[in-house]
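Structure first, commentary second.
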Amino acid sequence: MTNPYWHTAYKPHLVDAAEIRGLCFDLSNIVTASRSKQGTGEQRDPEDDPRFTHTERLCFQMAEDELSRRLLRLAVLIRTFDDIMANSPVADAYRSHRDAAEKDVALGSVYTGDERITDTLRECCNKIIHADDVRPTYETDDDRHDEFARWGMTGMIELEGKLRGANWSIVICIDNLIEAVLDLLTFADQMDELYRTTIPEGRIA
């Protein structure tokens, strides 16, 4: 065989659309499962055991770590996907689709000091990748001081970090982020035949 290095085909990173959809599915399920654990504020029967079940403890212990792991992976893949598409033969059509999708989805608000930065999908992914503090927010209707209060994720995540010495913060809604990502993938689906025809070894799986 000839040296694969000299293949003339464009060879960007492999970005697997199925993996991205799987990550969106997992993120949605984690947040939904956490929400289902939220306390309702109903008066407990004195005879009921107030202690957490093993399943509840497992959810509380693992939910944030699993959310963080998948959120970071999703952000890396979408940033890479955005770079690939922005340099592809369908770049203009892709940008139009991406810009239209972002207008319909309020992703969050980014601040560096007192300056607000555009909350594009790309910028949100950048902030997820570079965040120093990733903090899902929780809510409960139980007594907040009760040691057995059940807390569930709201779906909003606060992130903080630094950029060139300036502090920044952002609040991202997971549901909206997922919607924006899935909308972005519809472009890949629509352009798949053209993309693969134009770039024989295109790394969009």
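Only the coordinates and a few stated rules stand behind these numbers; no lab work does. From a predicted model like this one, the values you see are computed outputs, not experimental measurements. Cβ atoms come from the backbone with ideal geometry, glycine included; neighbour counts cover every protein chain shown.
Quick notes on this structure:
- Contour excess over end-to-end distance, with Cα ends at Met1 and Val76 and 0.36 nm allotted per residue: 23.7 nm
- Using a simple spin-label model with pseudo-atoms 7 Å out from Cα toward Cβ, Ala18 and Glu56 lie 3.9 nm apart.
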